[in-house]
Amino acid sequence: VQLQASGGGLVQAGDSLRLSCVASGRTFSSLSMGWFRQAPGKEREFVAVISWSGGMTSYKDSVKGRFTISRNNAKNTVYLQMNSLKPEDTAVYYCAAPDGLTLSMEPNDYDYWGQGTQVTVSS
(Lines give C-alpha, C1' and ligand atoms only; values in the text may rest on other atoms or scores of the structure.)
Protein backbone atom coordinates (compact mmCIF):
# COMPACT_ATOMS: atom_id res chain seq x y z
CA VAL A 1 0.00 0.00 0.00
CA GLN A 2 1.32 3.42 -0.95
CA LEU A 3 0.00 6.47 0.86
CA GLN A 4 0.40 10.08 -0.21
CA ALA A 5 -0.60 12.79 2.26
CA SER A 6 -1.13 16.44 1.37
CA GLY A 7 -2.88 19.60 2.51
CA GLY A 8 -0.65 20.87 5.27
CA GLY A 9 0.42 24.46 5.60
CA LEU A 10 1.00 27.49 7.79
CA VAL A 11 -2.15 28.91 9.35
CA GLN A 12 -3.16 31.09 12.26
CA ALA A 13 -4.85 29.89 15.42
CA GLY A 14 -8.55 29.41 14.81
CA ASP A 15 -8.14 28.63 11.11
CA SER A 16 -9.01 25.40 9.35
CA LEU A 17 -7.16 22.94 7.14
CA ARG A 18 -8.18 19.76 5.37
CA LEU A 19 -5.60 17.03 4.96
CA SER A 20 -5.98 14.36 2.30
CA CYS A 21 -4.35 10.98 1.91
CA VAL A 22 -4.60 9.02 -1.32
CA ALA A 23 -3.98 5.28 -1.21
CA SER A 24 -2.90 2.96 -3.97
CA GLY A 25 -1.73 -0.61 -4.38
CA ARG A 26 -4.49 -2.38 -2.51
CA THR A 27 -8.26 -2.29 -2.25
CA PHE A 28 -8.74 0.89 -0.24
CA SER A 29 -12.22 -0.01 0.90
CA SER A 30 -10.83 -2.99 2.84
CA LEU A 31 -8.55 -0.83 4.99
CA SER A 32 -9.03 1.00 8.22
CA MET A 33 -7.20 4.33 7.99
CA GLY A 34 -5.59 6.44 10.67
CA TRP A 35 -4.04 9.86 11.12
CA PHE A 36 -1.11 10.41 13.46
CA ARG A 37 1.11 13.38 14.19
CA GLN A 38 4.57 14.04 15.49
CA ALA A 39 5.76 17.31 16.94
CA PRO A 40 9.49 18.13 17.24
CA GLY A 41 11.06 16.26 20.12
CA LYS A 42 7.93 14.24 20.79
CA GLU A 43 6.76 10.75 19.97
CA ARG A 44 4.31 10.05 17.21
CA GLU A 45 0.77 10.16 18.56
CA PHE A 46 -2.66 9.03 17.47
CA VAL A 47 -5.08 11.63 16.13
CA ALA A 48 -8.01 9.78 14.52
CA VAL A 49 -9.00 6.51 12.90
CA ILE A 50 -11.85 5.43 10.64
CA SER A 51 -13.15 1.97 9.81
CA TRP A 52 -13.17 0.56 6.29
CA SER A 53 -16.81 1.55 5.79
CA GLY A 54 -16.56 4.89 7.53
CA GLY A 55 -19.12 3.76 10.06
CA MET A 56 -16.80 3.88 13.05
CA THR A 57 -14.41 6.62 14.07
CA SER A 58 -12.28 7.40 17.08
CA TYR A 59 -10.38 10.54 18.09
CA LYS A 60 -7.69 11.75 20.42
CA ASP A 61 -9.43 13.56 23.27
CA SER A 62 -7.81 16.91 22.57
CA VAL A 63 -9.12 17.03 18.97
CA LYS A 64 -12.67 15.83 19.60
CA GLY A 65 -15.17 18.36 18.35
CA ARG A 66 -12.53 20.13 16.23
CA PHE A 67 -11.25 17.43 13.87
CA THR A 68 -13.28 15.13 11.64
CA ILE A 69 -11.97 12.07 9.83
CA SER A 70 -13.83 10.87 6.75
CA ARG A 71 -13.21 8.81 3.66
CA ASN A 72 -14.31 8.47 0.07
CA ASN A 73 -13.73 4.89 -1.03
CA ALA A 74 -14.52 5.73 -4.65
CA LYS A 75 -11.56 8.13 -4.62
CA ASN A 76 -9.28 5.98 -2.43
CA THR A 77 -8.93 8.97 -0.16
CA VAL A 78 -9.15 9.65 3.56
CA TYR A 79 -9.52 13.17 4.91
CA LEU A 80 -8.84 14.97 8.14
CA GLN A 81 -10.82 18.19 8.48
CA MET A 82 -9.18 20.31 11.16
CA ASN A 83 -11.09 23.29 12.53
CA SER A 84 -10.30 25.75 15.31
CA LEU A 85 -6.63 24.93 15.04
CA LYS A 86 -4.37 25.65 17.99
CA PRO A 87 -0.60 26.17 18.19
CA GLU A 88 -0.33 22.83 19.99
CA ASP A 89 -1.66 21.12 16.86
CA THR A 90 1.59 22.00 15.11
CA ALA A 91 3.22 18.78 13.89
CA VAL A 92 3.94 16.61 10.91
CA TYR A 93 0.76 14.69 10.17
CA TYR A 94 0.91 11.15 8.81
CA CYS A 95 -1.76 8.91 7.36
CA ALA A 96 -1.38 5.21 8.02
CA ALA A 97 -3.05 1.89 7.33
CA PRO A 98 -2.89 -1.42 9.18
CA ASP A 99 -2.72 -4.78 7.49
CA GLY A 100 -6.03 -5.71 9.09
CA LEU A 101 -9.19 -4.02 10.23
CA THR A 102 -7.90 -2.74 13.56
CA LEU A 103 -8.99 0.62 14.89
CA SER A 104 -5.93 0.76 17.09
CA MET A 105 -4.53 4.01 18.47
CA GLU A 106 -1.02 2.54 18.60
CA PRO A 107 1.42 3.51 15.83
CA ASN A 108 3.09 0.10 16.02
CA ASP A 109 -0.15 -1.54 14.87
CA TYR A 110 0.05 0.24 11.51
CA ASP A 111 2.03 -1.23 8.64
CA TYR A 112 1.89 1.41 5.93
CA TRP A 113 2.72 5.10 6.29
CA GLY A 114 2.54 8.16 4.12
CA GLN A 115 5.39 10.64 3.92
CA GLY A 116 3.83 13.23 6.23
CA THR A 117 2.60 16.76 5.72
CA GLN A 118 3.61 19.70 7.90
CA VAL A 119 0.95 21.65 9.77
CA THR A 120 2.10 24.81 11.52
CA VAL A 121 -0.31 26.89 13.57
CA SER A 122 0.84 30.32 14.67
CA SER A 123 -0.60 32.11 17.68
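Distance from the Cα centroid of the range 58-123 to that of the range 1-41 is 5 Å (rounded to whole angstrom). Qualifying GluC sites (Glu not before Pro) in the range 24-123, where qualification requires a DSSP coil assignment and no more than 13 other C-beta atoms within 10 Å, comprise E43.
Take T90: with every protein chain present and a 1.4 Å probe, its accessible area is about 40 Å². For the range 11-67, with equal point scatterers placed on the C-alpha atoms only and solvent neglected, what are the log10 I(q)/I(0) values from the Debye formula at q = 0.24, 0.27, 0.30 1/Å, to two decimals? Here the Debye-derived log intensity ratios amount to -1.17, -1.26, -1.30. For the chain, the number of Lys pairs with C-alpha atoms closer than 19 Å, counting only pairs eight or more positions apart or on separate chains, is 4.
Taking all protein chains together and rolling a 1.4 Å probe, S53 ends up with roughly 70 Å² accessible. Inter-label distance, S51 to K75: 2.3 nm, where each label sits 7 Å from its Cα along the C-beta direction.
How big is the antiparallel share of DSSP beta bridges in the chain, given as a percent to the nearest 5? Taking every DSSP beta bridge within the chain, about 90 percent pair in antiparallel fashion.
Using a simple spin-label model with pseudo-atoms 7 Å out from Cα toward Cβ, A13 and T27 lie 4.7 nm apart.
The values are calculated or read from the model by the stated rules, or taken from the named source; none is laboratory data. Please read these numbers as outputs of a predicted model, since none were measured by experiment. Positions of Cβ are generated from backbone atoms using ideal geometry, with glycine treated the same way; all protein chains shown enter the neighbour counts. These accessible areas exclude ligands, DNA and RNA; they are computed on the full protein's heavy atoms, side chains included. Shrake-Rupley method; radii C 1.70, N 1.55, O 1.52, S 1.80 Å.
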